[in-house]
Every structure is written in C-alpha cells, then in structure tokens.
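See below for the structure under consideration.
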Amino acid sequence: MTSARVNFTIEHKIAYVSLNRPDKHNGLDEKMIVELVNVAKKINKNRTIRCVILQGEGASFCAGLDFNSVAKKPSMIVRFFLKLPWSKDNMFQRVAHIWRDLSVPVIAVVHGNCFGAGMQIILAADYRIATPDANLSILEMKWGLIPDMSGMATLSRLTRVDIAQELTMTGRFFSGNEALEYGLVSKVNESPLAEAKLLAEKICQQSPDAIAATKYLFKKTWQKDTRMALLWERITQLRLLGRKNQRIAMANGLSKKGDKKSFIDRTSF
C-alpha cells in the first residue's frame, strides 16, 4: 500500500513502514498520524508478518509534530487529545505506543533528525538502530510542553531517571552515539537499514509464537516485582506448550535443522 504520508510494503514476511513526508523531514500532521495508526492495525491483523522495520524517507526519520499544520486545525488537537472512556490512550499517544502493542517485534531505523514525536515513536519500538551522527532530542520543552505521546511509559524502561529528566528538561540535542550510551538506542551503525534487515531476518527464522510470547512477557514483567514476573512466566509458557509452532521448534532443535526450516503460523499475544 502506498499513500501520501506512509509507505507500507511486505517483503519476505517483514513489513516495511516508511514515514513519507520528506520535504517536511517527516513532521507528523493529522493525515500521517491517522495513517500510521491504521498501518499498525493492518500489521496486527496480518498473520504472515513476523517483524516490522520502521523508517523515514529523505533526510530525517521524523522531526516531530508539525506545529504549523496542527495550529491550522485546533479541533484536531482536541479530538486527538481526548481519550475515549474505554480506551487506554488518546490518538497522540496511540501513534507511538501502538508499535509497542504489536505482537511482532518492531525495529526503528534512525537517521538524520529525530525529535519530539519522532523520538517517542522510536522509544516504543523494540529495537532502535541509529547512525552514529543521528540528531536526537526530546524537544517538547522548546514549546513549553512535556512528552505526552507515551514517552513517560517508554523512557522509564530504557534509561535512568536522571538522564530522562535532564534530556526532557533541557530539550538538548544528542547524537546516536550518545543515545547508545544512555540506553535510548540499541545499536549504532553507518548502515542502520542493512543492520535492521539482518536482525529482522534472524527473528523471522524463529518460532513466531515464541517471538510473540517473548515480547508479551517482557512487556508484562519488565521492572515488575519477582512474584508478578514469575506468574507471567508461567502463564505465557502455558500458552506455548504443545502448540504447533512449539512442536516444530522442538523437532527442528532436535534434528539440528532449525536454521533451515521456516515456521508457518503467527499467533497474536
């Protein structure tokens, strides 16, 4: 699917999602926010997809929210900020956090500028691979705001509170290398897309049920107390034992041919 704001293709069970507003450094406007959420929903319904690579077209990953565009539609701010009683998030939060909620792993490829909303989107990914000279910032302080697109739910699981506070309070710019030191990116590489593809291909060789369960389990247990972590371990393992893909993985492992066989199904956790 190709649209004015988001490109979406599937190759070898890997979904490629590209922010496609390069003339604006992929600044988020209303249309892009809606399309990103809709693409994520499509991915979640597609049982053939095993991994997602999220990237930006042009010179930057995403320079943040397009305030000029948003200012022209004040009603959008109200609509996207309000939360429905039965939902856990509003639309501004969903465009970022929905990537964490997907059952398949999401790899963010970061180059050029990655500010504000763009930063909060990559923080919700499972892995972030950036160029060493990528230019990042939790930039909301520039506008007298705080990160409110799920950043508070993701920063706390990636870095120390003093680092998170300092970057949020100052809004200063930092490089991909610095982000690696802070724990905000997983790896730096001069060719982050190529590195992301290698990781995605490796993930696609594993049992899709076990991959989905791993993501689900870490989401449920990370930084939780021991009792809750052990409970969710037991619950999640019970959901895997004896299922088709677990039996295939067991057979592959015993025959030492796991790297030569592919798995068929993907279960949503």
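The values are calculated or read from the model by the stated rules, or taken from the named source; none is laboratory data. What you are looking at is a predicted structure, and each value in this text was computed from that prediction instead of being measured. Glycine gets a Cβ as well: all are built from the backbone with ideal geometry, and neighbour counts include every protein chain shown.
In the stretch 127-184, which residue that is closer than 27 Å to LEU82 by Cβ and among the hydroxyl-bearing types (Ser, Thr, Tyr) is modelled with the lowest pLDDT?
My answer is SER156.
Which of (1) surrounded by fewer than 18 Cβ atoms within 10 Å (Cβ to Cβ); (2) assigned to a helix (DSSP H, G or I); (3) not aliphatic (A, V, I, L, M) is the odd one out, the single condition LYS224 does not satisfy?
(2)
Sort out which residues of the stretch 27-56 are more than 11 Å from VAL95 (Cβ to Cβ) and within 16 Å of the chain's Cα centre (by Cα), and write them in order of number.
Hits for the stretch 27-56 are LYS41, LYS42, ILE43, ASN44, ILE49, ARG50, CYS51, VAL52, ILE53, LEU54, GLN55, GLY56.
Kindly establish whether VAL95 is in contact with a strand residue (DSSP E or B) (Cβ under 6 Å, 6 or more places away or on another chain) and over 17 Å from ALA134 (Cα atoms).
No, not satisfied.
Within the stretch 177-220, restricting attention to residues that are farther than 15 Å from ASP126 by Cα and hydroxyl-bearing (Ser, Thr, Tyr), which residue is surrounded by the fewest Cβ atoms within 10 Å (Cβ to Cβ)?
My answer is SER191.
Does the stretch 239-246 contain any residue that is hydrophobic (A, V, I, L, M, F, W, C) and either at pLDDT below 80 or more than 25 Å from the chain's Cα centre (by Cα) (or both)? Quick ask: steps written out before the conclusion?
Of the residues in the stretch 239-246, the ones hydrophobic (A, V, I, L, M, F, W, C) are 240-241.
After this cut, where a residue has to be either at pLDDT below 80 or more than 25 Å from the chain's Cα centre (by Cα) (or both) as well, the list is 240-241.
For the stretch 239-246, residues hydrophobic (A, V, I, L, M, F, W, C) and either at pLDDT below 80 or more than 25 Å from the chain's Cα centre (by Cα) (or both): present.
Being touching a strand residue (DSSP E or B) at 6+ places or on another chain (Cβ under 7 Å) and farther than 30 Å from ASP209 by Cβ narrows it down to one of ASP23, ASP66, ASP29, so name that one. Step through it out loud before you land on a result.
Details: ASP23 fails: touching a strand residue (DSSP E or B) at 6+ places or on another chain (Cβ under 7 Å); ASP29 fails: touching a strand residue (DSSP E or B) at 6+ places or on another chain (Cβ under 7 Å).
After applying the criteria, what remains is ASP66.
State which residue is farthest from ASN26 (Cα to Cα) when the search covers only the stretch 61-77 and only residues that are small (Gly, Ala, Ser) and surrounded by 13 or more Cβ atoms within 10 Å (Cβ to Cβ).
SER69
Suppose we filter the stretch 126-154 for residues that are in contact with a Pro (Cβ under 8 Å, 6 or more places away or on another chain) and surrounded by fewer than 24 Cβ atoms within 10 Å (Cβ to Cβ); how many remain?
4
Looking at the stretch 103-125, which of its residues are in contact with a Pro (Cβ under 8 Å, 6 or more places away or on another chain) and closer than 20 Å to ASP66 by Cα?
Scanning the stretch 103-125 gives VAL110, HIS111, GLY116, MET119, GLN120.
Kindly provide the set of residues from the stretch 152-191 that are under 21 Å from LEU54 (Cα atoms) and small (Gly, Ala, Ser), ordered by number.
ALA153, SER175, GLY176, ALA179, GLY183, SER186, SER191
Pick from ILE107, ILE98, ILE122: which is under 22 Å from VAL34 (Cα atoms), touching a Leu at 6+ places or on another chain (Cβ under 7 Å) and surrounded by 21 or more Cβ atoms within 10 Å (Cβ to Cβ)? Step through it out loud before you land on a result.
Details: ILE98 fails: touching a Leu at 6+ places or on another chain (Cβ under 7 Å); ILE122 fails: touching a Leu at 6+ places or on another chain (Cβ under 7 Å).
Of the residues listed, the single one that is under 22 Å from VAL34 (Cα atoms), touching a Leu at 6+ places or on another chain (Cβ under 7 Å) and surrounded by 21 or more Cβ atoms within 10 Å (Cβ to Cβ) is ILE107.
For LEU28, indicate whether it is modelled with pLDDT under 95, buried (at least 23 other Cβ atoms within 10 Å of the Cβ), touching a Leu at 6+ places or on another chain (Cβ under 6 Å) and at negative phi.
Working: modelled with pLDDT under 95: no; buried (at least 23 other Cβ atoms within 10 Å of the Cβ): yes; touching a Leu at 6+ places or on another chain (Cβ under 6 Å): yes; at negative phi: yes.
So LEU28 does not fit the description; no.
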